[in-house]
1. Tell me, yes or no, whether the stretch 112-123 has at least one residue that is part of a loop (DSSP other than H, G, I, E, B), open to solvent by 30 Å² or more (accessible area, probe 1.4 Å) and not hydroxyl-bearing (Ser, Thr, Tyr).
2. Based on what the data block shows, is residue 129 loosely packed, with under 15 Cβ neighbours inside 10 Å, touching a Leu at 6+ places or on another chain (Cβ under 7 Å) and of a type outside the set (Phe, Trp, Tyr)?
3. So residue 66 passes all but one of these: (1) open to solvent by less than 10 Å² (accessible area, probe 1.4 Å); (2) free of Cβ contacts under 8 Å to residues at least 60 places away in the same chain; (3) closer than 21 Å to residue 188 by Cα; (4) not acidic (Asp, Glu). Which condition number does it fail?
4. Restricting attention to the stretch 86-104, report how many residues are closer than 15 Å to residue 18 by Cβ and out of contact with any Leu (no Cβ under 6 Å at 6 or more places or on another chain).
5. Can you go through 158, 154, 115 and tell me which one is at pLDDT below 95, aliphatic (A, V, I, L, M) and over 30 Å from residue 37 (Cβ atoms)?
6. Tell me which of these residue 85 doesn't satisfy, since it passes every other one: (1) under 22 Å from residue 48 (Cα atoms); (2) open to solvent by less than 70 Å² (accessible area, probe 1.4 Å); (3) of a type outside the set (Val, Ile, Thr); (4) modelled with pLDDT of 90 or more.
7. Between a residue in the stretch 132-146 that is farther than 23 Å from residue 8 by Cα and any residue that is modelled with pLDDT under 95, which pairs come within a Cβ distance under 6 Å, given they are 6 or more apart or on different chains?
Amino acid sequence: MKKELIINKLKTKLVILAGGQSKRFGGGFKTLHKFNNQSVLERILQNYKNLNIEIAININSDEMEFSKTGLDLIKDELGNFQGPLAGIYSSIKWIIQNNEHIEWLLTTPSDTPFLFENIINKFFTTKFKENSKIIIAKNDDKIHPVIGLWHISLVKKLEEFFKQQDRKIMNWVKLQDYEVLNFENKNNFFNI
C-alpha cells in the first residue's frame, strides 16, 4: 500500500516573503501600500488570523511597520536582494536555528492579499506523495512557486544551488521531489 503524506500544521511555520524591492511597483514596500485605508500586509494578516499557525515575515529592511506586527522578522542571509529563493533559504535556516519542532516552511508573497484561510488550509488537508519535499500552488497552467511548502531538510541542497549563481525558484524546484497543488479560483492569486 502506497504511503501518503499529510502535512502537520503544528510542525509548519508560515513566512510572508517581503524582502523584495518592489521595482515594478515603483519602489518602496508595496506590502505596506494602503488601499481602502488598510495596507496589503494588514489584509494578509487579517486573512491568516484564524489559521492557528506560527507566522513570521522575511524582510530586507528596518521598516518600523514590520516591527509593529509583533511577528518574528527574518532577514535575508544573502545580500543584494537576491529574490524569493533567498527568502526561502533564510527562512529555513532561521527555522533550523530557532524552532526545533518545525519541519515545514510555508511561504506566501507579501503582495497577494486574496489568499484566504481556505486556500492556505488546503495545504494541510490534501494527501501528498510520501517523498515530496516541496509542494507549490498551481492554478490553470500557471505555477505560483512563492506559494508553497518547503521541507527544512532541503537547506543543504539549496546552499549548493546558490553556488551556481542561479536564483530562479523553478530551476531549483525541478531538481527536487516536488508536486503541485491545484486551485480553482485564479483571483485568489492576484498579486499587486
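1. Yes, the stretch 112-123 contains a residue that is part of a loop (DSSP other than H, G, I, E, B), open to solvent by 30 Å² or more (accessible area, probe 1.4 Å) and not hydroxyl-bearing (Ser, Thr, Tyr).
2. Judged against the criteria, residue 129 is a match.
3. (3)
4. The number of residues fulfilling the criteria is 3.
5. After ruling out the rest, the residue left standing is 158.
6. Result: residue 85 fails condition (1) only.
7. Between residues of the stretch 132-146 that are farther than 23 Å from residue 8 by Cα and residues that are modelled with pLDDT under 95, the close pairs are 139/183; 139/186; 139/189.
The values are calculated or read from the model by the stated rules, or taken from the named source; none is laboratory data. This is a predicted model, so every value here is computed, not measured. Glycine also receives a Cβ, built like all others from the backbone with ideal geometry; neighbour counts cover every protein chain displayed. When the accessible area is computed, the model is the full protein with side chains, heavy atoms only, and any ligands, DNA or RNA have been set aside. Shrake-Rupley method; radii C 1.70, N 1.55, O 1.52, S 1.80 Å.
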